Structures are given as C-alpha cells and as structure tokens.
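The structure appears below as structure tokens.
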Amino acid sequence: MIEHLDTLVVLGAPTSDECQQRTNKMVELYEAGLAGHVITTGAPSAAQMGNSAVNQGVPRNAIAMADWSLDTIGDALAVKDILRRNAQRTLGLITTDSHLDRSSLIFDHVLGSEYKITPFSAGPFPERNYQGMYELVAKFLSWQVLSGTEVGDHQTIQERLFKLYPGYTDDSRLRITINHGLRLCRLPLTSVLQKDTA
C-alpha cells in the first residue's frame, strides 16, 4: 500500500491528448486520496492540465502550476521551488511510460535525497512509440546538463541548464512551441535534437 504523499506532480507533454492522459491519471490518484495537492508543469501545458483537473473536480486551490519549464530538468527545478515554499517532501511523479525512467532519474538528481519520489505511469501513449530512440538520446543529453553537478545542487543545475539550453531566453515560449511542433511532425531525429538539447 502506498503511503499518503504531500503532492502529485503531473509532467507536461508535447500534445494536448498526452497531457489529458497524464491529467486523468493524476485525477484518479487525487480522488483515491493519495495526496491533497497537485503540481502541473510545462510552459505550454501547465495551465491546460490545471484547468482539466478543475473540470474533473480537483479544487483550484489544491493546484500549483510550475509554468516556466521547457523540459524535464526545468520541470524538476520549478517543482522543487514549489515544494520548498510549501515544505513538502513526498511526491508522486506522473508521466507516460516511455518518459517515466528518464524523468525519475532527473527528479532524483535535481531534488536530492531529502525528497521521496514515487513514480506513477499514466500508461503508454501510442504517439510516443516512435520516440524510443529519442528517449535514449534525450537521456544522454540530459546528463550533459547534470554531469559534474552534485545531487540536489539546485543553483548549479539551473545555471548549467540556462547556459546549455538556449530555450531559456526571452523567446523561450516560441522556441518550445516550435520544438513541440517538430516532434508532432515526426521530423528526423537529428532535426528534433537540434532543437532539444536538454
């Protein structure tokens, strides 16, 4: 039996359908009483998932939005800011199957040992099937950002992310929208990776 958690974290996705699938899993866990708070993530998706959760009965005041992040490392940094403010230490991490291993590794490194993370799969998402190789490469690129940083070293990880990932600039929202559009168009892997370096 899974113990009660401080909050549920649902990670944003490139498409509305995948965001909805992840949100539905979060609502299921929330309604089961697993946690009393929710965090949605991602510049293009946090608001969408938050609104969907409200429409499904989750109180708006139970939802926090980590809405500046553009990738999974950014998600973890933004979530950690919220956890610190609310003195929360245990969380359920919700994403789809192909993203679960990488996101769990990233959150473990960014948050550090003082936080307890329980991963939950929202199930497979058919449109991500072609991304198996992408996830392997993305894991390598993520560790380019994290390598040489101490586990839980929030400031250094954020500085490296902002330096190595040019998406975190004034045009970040436009850039991530283009990035997600490339994924949806299923351009060759090399084309996608030129836009997604974290």
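Values for this structure:
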read-out	value
For residue 62: the one exception among (1) touching a helix residue (DSSP H, G or I) at 6+ places or on another chain (Cβ under 6 Å); (2) surrounded by fewer than 18 Cβ atoms within 10 Å (Cβ to Cβ); (3) among the hydrophobic types (A, V, I, L, M, F, W, C)	(1)
Every residue from region 7-60 that is charged (D, E, K, R) and either farther than 20 Å from residue 90 by Cα or within 17 Å of the chain's Cα centre (by Cα) (or both)	17, 18, 22, 25, 60
Of all residues in region 72-92 being in a strand (DSSP E or B) and in contact with a Ser or Thr (Cβ under 6 Å, 6 or more places away or on another chain), the one that is surrounded by the fewest Cβ atoms within 10 Å (Cβ to Cβ)	92
Residue among 150, 159 that alone is acidic (Asp, Glu) and either modelled with pLDDT under 55 or not in a helix (DSSP H, G or I) (or both)	150
When residues of region 36-51 are limited to those that are small (Gly, Ala, Ser) and buried (at least 21 other Cβ atoms within 10 Å of the Cβ), the one modelled with the lowest pLDDT	43
Residue list for region 93-114, restricted to those being polar (S, T, N, Q) and outside any loop (DSSP other than H, G, I, E, B)	95, 98, 103, 104
Residue pairs meeting the criteria (Cβ under 7 Å; at least 6 apart or on separate chains; first part of a helix (DSSP H, G or I), in region 43-71; second of a type in the set (Asp, Glu) and surrounded by 14 or more Cβ atoms within 10 Å (Cβ to Cβ))	46/67; 47/67
Pick from region 6-26, criterion surrounded by fewer than 23 Cβ atoms within 10 Å (Cβ to Cβ) and touching a Lys or Arg at 6+ places or on another chain (Cβ under 8 Å), ranking: modelled with the lowest pLDDT	14
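The values are calculated or read from the model by the stated rules, or taken from the named source; none is laboratory data. This structure is a prediction, so every number in the text was calculated from the model and none was measured. Please note: Cβ atoms are built from the backbone with ideal geometry, for glycine as well, and neighbour counts cover all protein chains shown.
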